[in-house]
1. Being open to solvent by 10 Å² or more (accessible area, probe 1.4 Å) and touching a Pro at 6+ places or on another chain (Cβ under 9 Å), is that true of even one residue in region B:24-31?
2. So B:Arg105 passes all but one of these: (1) touching a Leu at 6+ places or on another chain (Cβ under 9 Å); (2) open to solvent by less than 20 Å² (accessible area, probe 1.4 Å). Which condition number does it fail?
3. Restricting to region B:95-107, name every residue that is away from chain A (no Cβ under 14 Å) and within 15 Å of the chain's Cα centre (by Cα).
4. Just to be sure I understand, how many residues within region B:28-54 are assigned to a helix (DSSP H, G or I) and facing another protein chain (nearest Cβ under 7 Å)?
5. If you scan region A:74-108, which residues turn out to be among the β-branched types (Val, Ile, Thr) and within 13 Å of DNA strand C (Cβ to nearest atom)?
6. Scan region B:66-87 for residues that are under 17 Å from the mean Cα position of the chain (by Cα) and either among the small types (Gly, Ala, Ser) or over 14 Å from B:Gly46 (Cα atoms) (or both) and jot them down.
7. Out of curiosity, is B:Val110 more than 9 Å from DNA strand D (Cβ to nearest atom), within 13 Å of another protein chain (Cβ to nearest Cβ) and either part of a helix (DSSP H, G or I) or free of Cβ contacts under 8 Å to residues at least 12 places away in the same chain (or both)?
There are 2 protein chains.
Amino acid sequence: MSNTRALPLLEPEVSEAVAPCCPPLTERPLSAEEAERTARMFKALGDPVRLRLFSLVASHEGGEACVCDISDVGVSQPTVSHHLKKLKEAGLLSSERRGTWVYYRVEPSVVAAMGQMLGSAMS
Amino acid sequence: MSNTRALPLLEPEVSEAVAPCCPPLTERPLSAEEAERTARMFKALGDPVRLRLFSLVASHEGGEACVCDISDVGVSQPTVSHHLKKLKEAGLLSSERRGTWVYYRVEPSVVAAMGQMLGSAMS
DNA sequence: CATCTATGTTGACATACATCGAAGCAGCGA
DNA sequence: TCGCTGCTTCGATGTATGTCAACATAGATG
């Protein structure tokens, strides 16, 4: 139902997600659209495997990690690739191919935006 | 999949959700168990309806809201109840019956913990 | 060009989840 | 006591999602 005829899922990495997404959750009720957009980011971290992948990249040296560094999250390689794609689509990670390997890195502004929505949530 | 060699942890279900769950995501890779537990909280906010419900409660006067205050999120009332239950199970909300109405309120420590996992890299 | 390694994509499948209507409970008031 | 209102639970259903094996693609290397 509702909407999303031409949902621009094509290139979210450009800017969209980084932008001033939403106010703190305690400030005012989110609109349907705000919730839709924000939920996509939280949902990306709502899977144990993705959460491990994300923290693996985030905590890796230089804030980036090669896929080859990831091999012990308990799922097959295609599944890893699938989850990394999801994290990228959510705007939380960006990827870059350097020769043979592909490196993923955290998108700090997006993570910070999520933190802001939660961080001042104690009134 | 089985590791769990003599982890000296207490019963997880008793007080699990509120406790200092995990370090910032940038500090070190999360373990499987940490990820499992944390993902449950993020997943709870990974649905647009739940996100609206949560921000509605969080932004409501006094940090709590009656279910009767919620009627315009676009889903039926049983569905609202279902989502509130999910949020409660994730430890993000608590509920209390006062006479005819049931009031939901934000659990600040849990939300703060989530914020710390994301936002400790910035002020 | 042939081939090997590193990632990504596709198709299939089982499970989880969001949603609704209907029924069940709990207070309140007549 | 009866009925009314607010909220939760139940059963059913369609859709989304996580997972894997098999295949496809991109660079490097011989």
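The values are calculated or read from the model by the stated rules, or taken from the named source; none is laboratory data. Everything numeric in this text was worked out from a predicted model, so none of it was measured. Positions of Cβ are generated from backbone atoms using ideal geometry, with glycine treated the same way; all protein chains shown enter the neighbour counts. Side chains are part of the model used for accessible areas, which takes the heavy atoms of the whole protein and leaves out ligands, DNA and RNA. Shrake-Rupley method; radii C 1.70, N 1.55, O 1.52, S 1.80 Å.
1. Taking region B:24-31 first, the residues open to solvent by 10 Å² or more (accessible area, probe 1.4 Å) are B:24, B:26-29, B:31.
Of the ones still in play, those that are also touching a Pro at 6+ places or on another chain (Cβ under 9 Å) are none.
Scanning region B:24-31, I find no residue that is open to solvent by 10 Å² or more (accessible area, probe 1.4 Å) and touching a Pro at 6+ places or on another chain (Cβ under 9 Å), so the answer is no.
2. Just one mismatch for B:Arg105, condition (2).
3. Within region B:95-107, the first condition is being away from chain A (no Cβ under 14 Å), and the residues that meet it are B:95-103.
Scanning region B:95-107 gives a single hit, B:Ser95.
4. Filtering region B:28-54 down to residues assigned to a helix (DSSP H, G or I) leaves B:32-44, B:48-54.
Filter once more, keeping what is facing another protein chain (nearest Cβ under 7 Å): B:32, B:35-36, B:38-39, B:42-43, B:48, B:51-52, B:54.
Within region B:28-54, residues that are assigned to a helix (DSSP H, G or I) and facing another protein chain (nearest Cβ under 7 Å) number 11.
5. Keep residues of region A:74-108 that are among the β-branched types (Val, Ile, Thr), which gives A:75, A:79-80, A:100, A:102, A:106.
Matches in region A:74-108: A:Val75, A:Thr79, A:Val80, A:Thr100, A:Val102.
6. Just the residues of region B:66-87 that are under 17 Å from the mean Cα position of the chain (by Cα), to begin with: B:80-87.
Of everything in region B:66-87, those that are under 17 Å from the mean Cα position of the chain (by Cα) and either among the small types (Gly, Ala, Ser) or over 14 Å from B:Gly46 (Cα atoms) (or both) turn out to be B:Val80, B:Ser81, B:His82, B:Lys85.
7. Numbers: more than 9 Å from DNA strand D (Cβ to nearest atom): yes; within 13 Å of another protein chain (Cβ to nearest Cβ): yes; either part of a helix (DSSP H, G or I) or free of Cβ contacts under 8 Å to residues at least 12 places away in the same chain (or both): yes.
Yes: the conditions hold for B:Val110.
Let's see how each residue does on (1) open to solvent by less than 60 Å² (accessible area, probe 1.4 Å); (2) touching a residue at least 12 places away in the same chain (Cβ under 8 Å):
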position: A:Gly91; (1), (2): yes, yes
position: A:Ser95; (1), (2): yes, no
position: A:Gly99; (1), (2): no, no
position: A:Gly115; (1), (2): yes, no
position: A:Leu118; (1), (2): yes, yes
